[in-house]
1. Taking into account only those residues within region 65-123 that are part of a loop (DSSP other than H, G, I, E, B) and either modelled with pLDDT of 85 or more or in contact with a helix residue (DSSP H, G or I) (Cβ under 8 Å, 6 or more places away or on another chain) (or both), which is surrounded by the most Cβ atoms within 10 Å (Cβ to Cβ)?
2. For region 20-59, what are the residues that are closer than 18 Å to Arg85 by Cα and of a type outside the set (A, V, I, L, M, F, W, C)?
Amino acid sequence: MATESISPEEVQPGDNCSFARDRHANKLMWLNLWTILLFVLGAAVVLLLIVALVLFFRQDLASGAISVAGSAVSGLGAGYVIGQRKVAKEEEETADRIARRECKDVPASPGTRNTRVRPLGLG
């Protein structure tokens, strides 16, 4: 489901609530995307390590070494994704605080809940 974003130029004076909600939804979407990517990279690292172990047990050292190198590279990539997810989480929390402050007198729009989303139980 696509949502339309509100640019800062379109915000009418006194309409900071809708802009704050839109910004929070955008930051929450990025937090979810980084979390999904982290999960996918973690699964890839685990699969590569399993393949490396199988190849080493079969005494195919060259293929096993290549597989271990691939796992190391994937692990380094996961470190970058973890850093980006932390930044996204901080931005989402800031956007949530701003949205709560700007919208304290405005009832929640239909379909929104007042609870925090915790993708995969993280966050």
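The values are calculated or read from the model by the stated rules, or taken from the named source; none is laboratory data. In this text the structure is predicted, and so the values were computed from the model without any measurement. Please note: Cβ atoms are built from the backbone with ideal geometry, for glycine as well, and neighbour counts cover all protein chains shown.
1. Taking region 65-123 as the starting set, the residues that turn out to be part of a loop (DSSP other than H, G, I, E, B) are 103-118, 122-123.
The next check asks that each one be either modelled with pLDDT of 85 or more or in contact with a helix residue (DSSP H, G or I) (Cβ under 8 Å, 6 or more places away or on another chain) (or both); those that pass are 103, 106, 109, 112, 116-117, 122-123.
Working: Cys103: 18, Val106: 13, Ser109: 10, Thr112: 13, Arg116: 10, Val117: 10, Leu122: 11, Gly123: 15.
Ranking the qualifying residues of region 65-123, first place goes to Cys103.
2. Within region 20-59, Arg23, His24, Asn26, Lys27, Asn32, Thr35, Gly42 qualify.
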